[in-house]
1. For ASP279 and ASP87 in the same chain, what is the full-extension length gain: residue separation times 0.36 nm, less their Cα-Cα distance, in nm?
2. Considering only DSSP beta bridges with both partners in the chain, what is the antiparallel share in %, to the nearest 5?
3. Probe of 1.4 angstrom, ligands and nucleic acids ignored: what's the accessible area per residue over the chain, in square angstrom?
4. Taking a quarter of the surface of the Cα convex hull of region 3-293, what do you get in nm²?
5. How many percent of the accessible area of region 172-248 is carbon or sulfur, using a 1.4 Å probe?
6. Between GLN19 and ASP295, 0.36 nm times their residue separation minus their Cα-Cα distance comes to what?
7. I need the phi-derived Karplus couplings for region 199-206: 6.51 cos²θ - 1.76 cosθ + 1.60, θ = phi - 60°, integer Hz, Gly and Pro marked x.
8. How large is the helix-only mean residue ellipticity at 222 nm for the chain, computed as the sum of -39500 (n - 2.57) over DSSP H runs with n ≥ 4, divided by its residue count, in deg cm²/dmol to the nearest 500?
Amino acid sequence: MATILVTGGTGFIGRNLCQRALDTGWQVIVLTRNSKAAAKKLPPAVQLIERLSDLNPDLAIEAVVNLAGQPLAEGRWTEARKQNFIDSRVGTTTDLYTFFSARDLKPSVLISGSAIGYYGPGEHSVDESATGTDCFSHRLCSDWEASAAKFEKLGCRVCYLRTGIVLGDEGALAKMLPAFKLALGGPMGTGEQWMSWVHIEDMLSLIMHCVDNKNLSGPVNATAPNPATNRQFSKALGAALKRPAIFTMPAPVVKLLFGEMGEELLLQGQSVVPKKLKDSGFEFQYPNLDLALTDLLG
Ligand SMILES: NC(=O)c1ccc[n+]([C@@H]2O[C@H](COP(=O)([O-])OP(=O)(O)OC[C@H]3O[C@@H](n4cnc5c(N)ncnc54)[C@H](OP(=O)(O)O)[C@@H]3O)[C@@H](O)[C@H]2O)c1
């Protein structure tokens, strides 16, 4: 049985990933800051460690999936919080690198987090070849990817998942639902900004596809092939809930309430296409937004 090590394994994506990996025959180890809390969230078959040095030195780790990071969308971005966003991601990745550099048994593959924020705001469709425009999200993702890239020196294949808005029972969709259920939801700002999303089931499948597919490396866009504008997304969400979605939140109100976070994550967006996944033969189970929302909310 091959072993996968997951950081951020207690989070929204990580928890679902652990279950998927167990179901597909992996032995799963989660590195967590608090194993007692983690034990309440994860199946008993998952081994929990708080320090990398707790790993059995003779145990080969085939794959590392690195998702740990302080959540970005939980309030205003102060300078101190922005530093925590960087430290929690780059710091965890650097710790992994330092540990595996000194270890005889290296992993074959590292799947490391990143986000579509790498590309910065834009109106035109981008694939993995785009360089991105400067903003805090771009710098955060660039630093995170650079810290993961060091694993290449260990002979390890590295993929960075430039992840879109993951739709499931937690995360962005769960935050939007209360307002939309009360028929108080609707577009933000102009509503023309892009939202590149992905269904949680496809997210898990594409992570395992990256683990298995030796031809994939470097940036991989983890987004469904059909991004929506914020207006289209609001309409689809309203339709799935059978509620009107006509309330708009003007840009100045969003900026006042959420500051830079609101500007980068709510008022701006990017239309991201999963070129490398498609070229590698990955099939999305939920390529269309209506299909994804009906599955999750139907
Ligand atoms: N969900 C999305 O829509 C989305 C989109 C784009 C990118 N991403 C990225 O993908 C990764 C996983 O997303 P997610 O939604 O599953 O995240 P999540 O639910 O917020 O979970 C992140 C995990 O990271 C660990 N963590 C939190 N704060 C930390 C800190 N200060 N230092 C070290 N570890 C910390 C926690 O694990 P322990 O408490 O067990 O240590 C937590 O379970 C994140 O890095 C996120 O930025 C997510």
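1. Full extension of this stretch gives 65.8 nm more.
2. Around 5 percent antiparallel, to the nearest 5.
3. With the other protein chains kept in place, the chain gives 46 Å² per residue.
4. For region 3-293, the mean projected area of the Cα convex hull comes to 14.7 nm².
5. Working: 1920 of 3230 Å².
After summing per-atom areas, the C and S share lands at 60 percent.
6. This chain segment gains 97.4 nm when fully extended.
7. 6, 4, 5, 5, 4, 5, 5, 6
8. -11000 deg cm²/dmol
The values are calculated or read from the model by the stated rules, or taken from the named source; none is laboratory data. Since we're looking at a predicted model, the values are computed, not measured. These accessible areas exclude ligands, DNA and RNA; they are computed on the full protein's heavy atoms, side chains included. Shrake-Rupley method; radii C 1.70, N 1.55, O 1.52, S 1.80 Å.
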